[in-house]
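J.: After the structure tokens below, expect a handful of questions from me.
Read-outs: derived from the displayed coordinates by stated rules, not from any lab. Keep in mind it's a predicted model, so treat the numbers as computed, not measured. Backbone-built Cβ (ideal geometry, glycine too); neighbour counts: all protein chains shown.
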Amino acid sequence: MRKSKEFNAKYEIVAGERRWLASQNAGLNEIPAVVIEADDVKALEFAIVENVQRSDLNPIEEAAGYKKLMDDFGYDQEKVGKFIGKSRAHIANCLRLLSLPKEVIDFIESGKITQGHAKVLVGLENANLLAKKIIEKKLSVRQAENLANLFKKPKKIKLISKDSNLRELESILINKLGIRVSINNKKNNSGTISFNYKDLDQLNKLIYVIKANY
């Protein structure tokens, strides 16, 4: 709490209002308190931190509190985590939920899907459809993951054609050495040459050729 600006000899609760109310309901006349020096901005900051630590928040309310600390007070994810007592990964995962479509966010806030389900849907174009399927079929998080994997776009495989000069050079070395040769050349003209031998005779022949020429 801090000293009230409007009333002398009175104090204003900065953080801990819910605990104070609980103590009132329990009939307690005195409770321990800490008096701090805090301007209006600092008091608001403490109030937000207190709010996001409540156990009854849904994941979206929690994420919104973290975002407010970052937007209004210049926190980064690491600082939020240290202040709240959560890991940076937890903060990041919560914030990702805010990128979901509004309909999915409504499902989270109403408790129709859990945070675990919601994490599966982040980044998917058809998140709305999948969320409805999760609710309709009453899927577990693991089942939701399997369903989401069916709808994810497969990664494109990039085929790199080998330069004709390299293929010709490989052919020359194969004919010369009698073993399989593979040349991988990068854009900056660095790379590797691989020799694949089948037995010790081929290995000895390769060693002999190298020694004879160098």
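J.: Counting other Cβ atoms within 10 Å, which GluC sites (Glu not before Pro) in the range 71-179 have at most 13 and lie in a DSSP loop?
T.: Those satisfying the criteria are Glu125.
J.: When only DSSP loop residues count, what trypsin sites (Lys or Arg not before Pro) in the range 47-147 have their Cβ near at most 13 other Cβ atoms within 10 Å?
T.: Arg54, Lys138
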